[in-house]
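Enquirer: Below is a structure I'd like to ask you about.
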Amino acid sequence: MDNSVEKSKGIDDLKLIWDQVLEQLKTRVTEEGFNTWFKPTRLIEQRNGVLLVEVPNPFFVEWIEEYYGKTLAAALAEVNSAELRVAFQPRKIEPDTARPRFIRKRTLYTQNGSRLQDRYTFKDFVVGENNRFAHAAALAVAEAPSEVYNPLFLYGGVGLGKTHLLQAIGNFLVRTQPKLAVTYIPAETLFIELIDAVEKGTRMEFKNRYRSKDILLIDDIHFLRGKESLQEEIFHLFNHLYEGGKQVVLTSDRPPREIPTLEERLASRFSGGLVVDIQPPDLETRIAILLRKAESEGQNLPKDVAFYIASKIRSNIRELEGALIKLLALSSLTGRGLTTALADEVLHDLLRNRPRTTPNRVVKHVAKTFNVTVEEINSRRRTAPLALARQSAMYLIRKLLGFSLKEIGRCFGGKDHTTVLHAIDKIKKMMGEDMEFKEKMMGIEQRINRG
Ligand code: ADP
Ligand code: MG
C-alpha cells in the first residue's frame, strides 16, 4: 500500500517487536488494564521508523496516550534499541457507527451570534447549598434584566459552574426575549479583539460592537489583571452600558477587590450591584450532578457508583463530569457494567498522574511559603512565625483534606483538638482581616492543588 514501508524488516519481525512490547506492558499495568487497552491492539506496519498499531476506535488512542504514555515509552525502551516510535490508528469503521454513542455531540452554538452554547441552561444546573444563592441571583437577572442586580458578579473556583450559570442567563433571554441583543464573551477574547482593533485601526468598530448590546455576559474577568488598556476599555464600556440601562453580568475566580492590579474605579463598579460566590459542591450535590448527567446521556448510573465517584472527586465539577464520561465510555466499549470496580479503574487512571494531597505535602508547601523548614513546623518550638506556619498548615489540612480536628492534632505530635480548633479559627479570622495574608494562603492552596 505504501512504498515507504521499510523493507529491511519483514512484517513478522515487526510483529515480534510489538509482541515483546506487549509482554513488557503486561508486567507494568494491571491485568484489567492490559486486557482492556492493549490486548485488542494489532501491529499493521512500520513507516519511517514508526510502528503503526491499530486499535478498535479513536477513544483508545486518546486513552492510551493520556494514561499509558509513559508506561508505553518505558516498555518500548526496554525492548528495542533502534528507537522505534509507536503511533496508534483507529480501525476504520462505517461512518455512522464511527462515533460511539456516549461521546458528546459537537457543541452546538445558538444561531444568533450570541456565542452561547446550547447546553448551558438553568434546567441542567443542579442546585445545592453551594450555589443556591448564585443560581437564584442569575435566574432573577434572567427574568428581569437591568431591573434587579446590575451588574451581577459571580465568583468561585475552577470548574464550579460560573460559565454555566452565566450562559444560562443568556440562553434563557435568547428564548424569552429574542429581540434583545445578548452576547457572551470571555475577557480573554475581548482582549484579543482589542489588540487586533488597535493594530488594524478599527477601535471604533470594536467599541460599537459591544456598546450596542442589551445584555453583556463577560466571563473570567480576573483576566483583566495587569492589562491596563483592557481595563480602561472595559471601564468605559461598562459605564456606557450601565447608563443606557443595559444588563452586565461578570464572572471571576475571586471577588472584585481581590483581583490584583484591578483599578479601584473598576472594582467599585463591579461591586456596585450584587456580588455572589459559588462554593465547591457538597457530597450530596456532587451525587445529584452525576445522576443528572448520566441521565442526560441516557444511562442509568447506580447510586453506589455515583457515591463512589463523588466521594473521590471533591472540588471540581468539570473533573466529576470527566470521570463520568470516561466511565460510560469504558463501560460501553468493553461491555462491562457500571460498577464501583469499573469506576475505580477510571478514577485510578484519572488520579494517578496527580500527586495525592497528604498532610506532608501541605506542610511542605506551607514551610516553603513561610520560609521555615518542615522540621521546624513539626517541632514543638513556639516562636511566633513557627506557630503561624503550623496553624496555617492545620487550617489547610482541614480545608483540603477534610480531616477531623483529632486527626489533625495527631499529625502535629498529638495536639489537643481544641488547640487545632483555635488554630483554624485564628487563621480564618486573619484571612478575613488581612488581604495579603489571605492571598498568601490562597497561593499555597493553588500550588498544592497544582502538584
Ligand atoms: P467554571 O466556569 O466555574 O470553571 P463551568 O461552568 O465551566 O465552570 O463548569 C464546569 C462543568 O461542570 C460544566 O460542564 C458545567 O456544565 C458543569 N457544572 C458546573 N456546575 C454544575 C451544576 N451545578 N449542575 C450541573 N452541572 C454543573
Ligand atoms: Mg468558566
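Enquirer: Would you mind stating whether residue 342 is out of contact with any strand residue (DSSP E or B) (no Cβ under 8 Å at 6 or more places or on another chain), at pLDDT below 90 and part of a helix (DSSP H, G or I)?
Expert: no
Enquirer: Could you please give the count of residues in the range 369-398 that are part of a helix (DSSP H, G or I) and out of contact with any Gly (no Cβ under 9 Å at 6 or more places or on another chain)?
Expert: Number satisfying all stated conditions: 19.
Enquirer: Let me ask something else. Cβ-Cβ under 9 Å, sequence separation 6+ or interchain: first residue in the range 272-298 and at positive phi and assigned to a loop (DSSP other than H, G, I, E, B), partner more than 16 Å from ligand 2 (Cβ to nearest atom) and of a type in the set (D, E, K, R). Which pairs?
Expert: The qualifying pairs are 298/101.
Enquirer: Also, I was wondering about something else. What pairs can you find where one residue is in the range 149-170 and more than 21 Å from residue 115 (Cβ to Cβ), the other is at pLDDT 95 or above and within 6 Å of ligand 1 (Cβ to nearest atom), and their Cβ atoms are less than 7 Å apart, with a gap of 6+ or different chains?
Expert: Correct list of pairs: 156/162.
Enquirer: If I filter the range 177-231 down to residues being touching a His at 6+ places or on another chain (Cβ under 9 Å) and more than 16 Å from residue 270 (Cβ to Cβ), which single residue comes out as nearest to ligand 1 (Cβ to nearest atom)?
Expert: Top of the filtered list is 210.
Enquirer: I'd like the residue in the range 341-381 that is crowded, with 17+ Cβ neighbours inside 10 Å, farther than 16 Å from residue 309 by Cα and among the hydrophobic types (A, V, I, L, M, F, W, C) and, out of all such residues, is nearest to the chain's Cα centre (by Cα).
Expert: Filtering first and then ranking leaves 362.
Enquirer: Same structure, new question: Taking the condition of being β-branched (Val, Ile, Thr), more than 16 Å from ligand 1 (Cβ to nearest atom) and more than 22 Å from residue 143 (Cβ to Cβ), how many residues in the range 232-275 meet it?
Expert: Qualifying residue count for the region: 2.
Enquirer: Answer yes or no: is there a residue in the range 261-270 that is of a type in the set (Ser, Thr, Tyr), part of a loop (DSSP other than H, G, I, E, B) and over 24 Å from the mean Cα position of the chain (by Cα).
Expert: Yes; the residues of the range 261-270 include at least one that is of a type in the set (Ser, Thr, Tyr), part of a loop (DSSP other than H, G, I, E, B) and over 24 Å from the mean Cα position of the chain (by Cα).
Residues checked against (1) surrounded by 12 or more Cβ atoms within 10 Å (Cβ to Cβ); (2) closer than 27 Å to residue 345 by Cα; (3) at pLDDT 80 or above:
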| position | (1), (2), (3) |
| --- | --- |
| 33 | yes, yes, no |
| 41 | yes, yes, yes |
| 67 | yes, yes, no |
| 71 | yes, yes, yes |
| 83 | no, no, no |
| 97 | no, yes, no |
| 100 | yes, yes, no |
| 108 | no, no, no |
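The values are calculated or read from the model by the stated rules, or taken from the named source; none is laboratory data. This is a predicted model, so every value here is computed, not measured. Reconstructed Cβ throughout: ideal geometry from the backbone, glycine too, with neighbour counts over all protein chains shown.
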